[in-house]
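Reviewing the structure listed below.
The values are calculated or read from the model by the stated rules, or taken from the named source; none is laboratory data. Since the model is a prediction, treat every value here as computed from it, not as a measurement. Glycine gets a Cβ as well: all are built from the backbone with ideal geometry, and neighbour counts include every protein chain shown.
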Amino acid sequence: MRRLPSVISMLEGSAERIADAANSMSGMDGYLTGSRQGAKKPQGRWHASIVTATVETMRDNAKHDTIMKSIDAGRI
């Protein structure tokens, strides 16, 4: 169940909405998403993440906590 396409799609969609909200809030396009399967010990859960891809977004996130303020956008 942890690797079903519907679960992966839901996780990636939430991450995209959070990154879009962070980009909108900051006025930059440096918040990106990533997605991968974790270690298979034994199952391997799917992970989605939001990262700062530029120095400007790293500074913005450090100063304004932009990703945390954008978390609500990822809720269903």
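The residues in the stretch 1-57 that are hydroxyl-bearing (Ser, Thr, Tyr) and not in a helix (DSSP H, G or I) can be counted, and the count is 6.
Within the stretch 35-46, the residues that satisfy the criterion of being surrounded by 13 or more Cβ atoms within 10 Å (Cβ to Cβ) and in contact with a strand residue (DSSP E or B) (Cβ under 6 Å, 6 or more places away or on another chain) are SER35, GLN37, GLY44, TRP46. Filtering the stretch 59-68 to residues that are farther than 17 Å from ASP29 by Cβ and either part of a helix (DSSP H, G or I) or at pLDDT below 95 (or both) leaves ALA62, LYS63, MET68. Mind listing whichever residues of the stretch 1-43 are among the basic types (Lys, Arg), under 20 Å from ILE76 (Cα atoms) and within 14 Å of the chain's Cα centre (by Cα)? Within the stretch 1-43, ARG17 is the sole residue that qualifies. Looking at the structure I just gave you, is VAL51 more than 9 Å from the chain's Cα centre (by Cα) and surrounded by fewer than 18 Cβ atoms within 10 Å (Cβ to Cβ)? So VAL51 fails the test. Residues being within 28 Å of MET1 (Cα to Cα), of a type in the set (D, E, K, R) and free of Cβ contacts under 8 Å to residues at least 12 places away in the same chain: count how many of those fall in the stretch 19-71. Residues flagged as within 28 Å of MET1 (Cα to Cα), of a type in the set (D, E, K, R) and free of Cβ contacts under 8 Å to residues at least 12 places away in the same chain within the stretch 19-71 amount to 3.
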